[in-house]
Amino acid sequence: MTAVTETGYDQALTAIARRIDGANFIDGTWQQADTTERITVFNPSTGGELGRVPASTPADVAGAVEAARRAQPGWAALTPGRRSKLLLDVAAAIEARLPEFSYVEAIDAGKPLQVVVDEELPGVVDAMRFFAGAARTLPAPAGGDYLDGVTSIMRREPLGVIAGITPWNYPLLQAVAKVFPALATGNTFVLKPAETTPYSTALLAEAIAEQLPPGVFNVVFGTGAVAGDALTRHPAVAAVSFTGSIETGRRVGAAAADGVKKSIMELGGNSPVLVFDDADLESALDAIAAGGLYNTGQECMAASRVIAHSSIVDAVVEGLKVRCEREKVGDILDPATTIGPMNSLAQRDRVLDKIAGRSPGARIVTGGGIVEGPGYLLAPTVVTDVRDDEELVVEEIFGPVFTVQSFDSEDDALAKANGTRYGLAASVFTTDVGRAQRVQNALNFGTVWVNNHLVFAADLPVSGFGASGVGTENAELGLLEFTRLKHVMVDTR
Ligand code: NAD
């Protein structure tokens, strides 16, 4: 691992915190916000203050949207090849600063630094390259002579100015998954990051401005209710790309619909994990533990709801308990740490409340409470003997918590798996190929893993079924969300 702590990246974090104290990134530069009101950003590992961002006003938002609107025609006029090259240059510049970006992301979001360096940031750079390259291969129906005496041509065009609203669990990854496909296809962008995690987005804005024209990418900090809402409603915004909770997504979607604009929604999840009695249990348990505890379970696709065949349910509970107790919870700068703090005190309290609200018969097998020490630590938790319909089971937990249910037949397993309003992701563990195929066909989820969980790349689509979202992020489909198709018909007679 690069010795990020020894080479002064904490100074980089202090410096970026100073630059954004009171400012938004608009038109290629930090501009003082229209308000003295600030939001304090806390360090999840200590509870101490990292800095402050402006609680931007609708006037700040309007300034950013105006800069994006001015920049859009010139940016769209570049060839796909030229835009692609510039975005690849951004990817290369960020890759060259990977330890610094990793450090800032790890501290701000509360992630084990080693994991960010080894996995998360390389994934972010890879996503940048995927979208940059995909800009040059946009598909469309074939042009041609579909009626006598006319020729049709298809043009895939950008939408205009895109608004992005991101959550705090993967601040940089979520930003890139929205900003890069939008820019690659000729749109310009205004992003409002989550209140608690502004810093990697701020570094991204600076890195983009070093390569791209001013105004192509702008960042406005602030609350969802004021800055986020003003951004969604701004008449010059063509579409809104939102990731966050269902409750907020409903509000954002309604505001977008009010302006007759498109919204792309990546909302919450509650992933069922079906474990059949013919599964390779040890490797299944390893995959489930990894998939449920990654990012301290603050993951919309977390392997949180384990549903095991009744003949093996005790072994599953015991196997998860052992794996939870093996995790090293604590200091994110210690390379041995596997689980960092929750992102905020409020999020830890929300998860503790959900655990406390379990049904009377439910039994905590391990964890269930905070881990002593600095920061918002929470013990990996397994809860069994739950009711199939209780809140802890059917709603999103967003913390390092597994619930375990049991089933007796394939139909029973499917009914339990599909018994939630969410439809983001699911997995099935079995060595029976036919069963794997039958079960994945019947699962109402946008992503289904067979004998794995939580493995993905930017090439692959993320679509929330049910209440988990509208539209697609990542892959070619995610790119096309930021385009419109124009049909031009020429009379040839
Ligand atoms: P949240 O909904 O509270 O906030 C998300 C963002 O929306 C923040 O930037 C917030 O400031 C903003 N916001 C709040 N109110 C707004 C409004 N009225 N108008 C515009 N913007 C507003 O969610 P969170 O707590 O930050 O994130 C956790 C949630 O995100 C979880 O439910 C999780 O499942 C979901 N999530 C989903 C995916 C996915 O791909 N499906 C990925 C990551 C996280």
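The values are calculated or read from the model by the stated rules, or taken from the named source; none is laboratory data. Not measured: the values here are computed from a predicted model. Here the Cβ positions follow ideal geometry from the backbone for every residue, glycine too, while neighbour counts run over all protein chains shown. Quick note on the areas: whole protein, heavy atoms, side chains included, nothing else; ligands and nucleic acids left out. Shrake-Rupley method; radii C 1.70, N 1.55, O 1.52, S 1.80 Å.
In a DSSP loop and with at most 12 other Cβ atoms within 10 Å, the GluC sites (Glu not before Pro) in the stretch 161-227 are GLU210.
Per the Debye formula on identical point scatterers at the alpha carbon atoms of the stretch 296-350, with no solvent, log10 I(q)/I(0) at q = 0.13 Å⁻¹ is -0.46.
In this structure, the residue pairs whose Cα-Cα separation is over 21 Å, taken from LYS328/LYS416; LYS85/LYS261; LYS178/LYS262; LYS261/LYS486; LYS192/LYS261, are LYS328/LYS416; LYS85/LYS261.
Here the ratio of the Cα radius of gyration of the stretch 272-457 to 2.2 N^0.38 Å is 0.97.
Gain on full extension, evaluated as 0.36 nm per residue between ASP278 and GLU391 minus their Cα-Cα distance, stands at 37.7 nm.
Summary of packing: across the peptides 27-33, 336-342, the per-residue average of other C-beta atoms within 10 Å ranks them, highest first, as 336-342, 27-33. Helix 9-20 and the longest principal axis of the Cα set of the chain meet at an angle near 50°. Take every pair of alpha-carbon atoms less than 8 Å apart whose residues are at least six positions apart; their mean separation over the length of the chain yields a relative contact order of 18 percent.
A cut-off under 12 angstrom between Cβ atoms defines the neighbours of ALA238, and their net charge, with Lys, Arg +1 and Asp, Glu -1, is +2. For trypsin sites (Lys or Arg not before Pro), the sites in the stretch 255-332 that DSSP calls loop and that have at most 13 other Cβ atoms within 10 Å are LYS328.
Here GLU37 and GLU318 are evaluated by their C-beta separation; at R0 = 45 Å the FRET efficiency comes out at 0.30.
Can you give the local net charge around ALA202? Use residues other than it whose beta-carbon is closer than 14 angstrom to its beta-carbon, Lys and Arg +1, Asp and Glu -1. It works out to a net charge of -2.
The three principal axes of the C-alpha atoms in the stretch 114-178 carry coordinate ranges of 63, 24, 12 Å, sorted with the longest axis first.
Expressed to the nearest 5 percent, the antiparallel share of DSSP beta bridges inside the stretch 272-457 is 15 percent. Report the residues of the stretch 156-186 in range of a label on ARG484: point 7 Å along Cα→C-beta, backbone N strictly under 14 Å from it. 156-162, by backbone N distance to the label point. Per residue, the accessible area of the stretch 248-313 comes to 31 Å² when a 1.4 Å probe rolls over the protein heavy atoms.
Rounded to the nearest 0.05, what FRET efficiency do ALA236 and ARG19 have when you use their Cβ-Cβ distance and R0 = 30 Å?
For ALA236 and ARG19, the calculated efficiency is 0.65.
Counting 0.36 nm for each residue step from ASN418 to LEU138 and taking away their Cα separation leaves a gain of 97.3 nm.
Run through the stretch 351-436 and list the GluC sites (Glu not before Pro) located in a DSSP loop whose Cβ has at most 13 other Cβ atoms within 10 Å. Passing both the DSSP loop test and the Cβ count: GLU372. Here the extension length gained between SER245 and ARG363 equals 39.7 nm, from 0.36 nm per residue of separation less the Cα-Cα distance. Divide the volume of the convex hull around the Cα atoms of the chain by the residue count and you get 148 Å³ per residue.
Applying the Karplus relation 6.51 cos²θ - 1.76 cosθ + 1.60 with θ = phi - 60° to the stretch 380-396 yields 3J(HN,Hα) values of x, 10, 10, 10, 10, 6, 7, 7, 5, 10, 7, 4, 4, 8, 9, 9, 6 Hz, where x marks Gly and Pro. Which FRET efficiency value, to the nearest 0.05, do you get for THR431 and ASP118 by plugging their Cβ-Cβ distance into 1/(1 + (r/R0)^6) with R0 = 30 Å? Computed FRET efficiency for THR431 and ASP118 comes out at 0.50. Share of carbon and sulfur in the accessible area of the stretch 404-479 stands at 52%, probe radius 1.4 Å.
Our summary gives the stretch 219-341 a relative contact order of 18 percent, counting only alpha carbon pairs under 8 angstrom and 6 or more residues apart.
Relative to the compact-globule estimate of 2.2 N^0.38 Å, the Cα radius of gyration of the stretch 64-144 comes out at 1.42. Taking the longest Cα principal axis of the chain as reference, the axis of helix 199-209 is set at about 30 degrees.
Remark: relative contact order (the stretch 272-457) = 29 percent; criterion is Cα-Cα distance under 8 angstrom and separation of 6 or more residues. Can you tell me what percent of all Cα-Cα pairs in the stretch 355-493 are more than 21 Å apart? For the stretch 355-493, the fraction of Cα-Cα distances above 21 Å is 58 percent.
Helical content of the chain, expressed as a calculated mean residue ellipticity at 222 nm, amounts to -11500 deg cm²/dmol (DSSP H runs of 4 or more residues, -39,500 (n - 2.57) each, divided by residue number, nearest 500).
Rounded to the nearest 10 degrees, what's the angle between the helix 345-356 long axis and the longest principal axis of the chain, both from Cα atoms, 0 to 90? For 345-356 against the chain, the angle is about 40 degrees.
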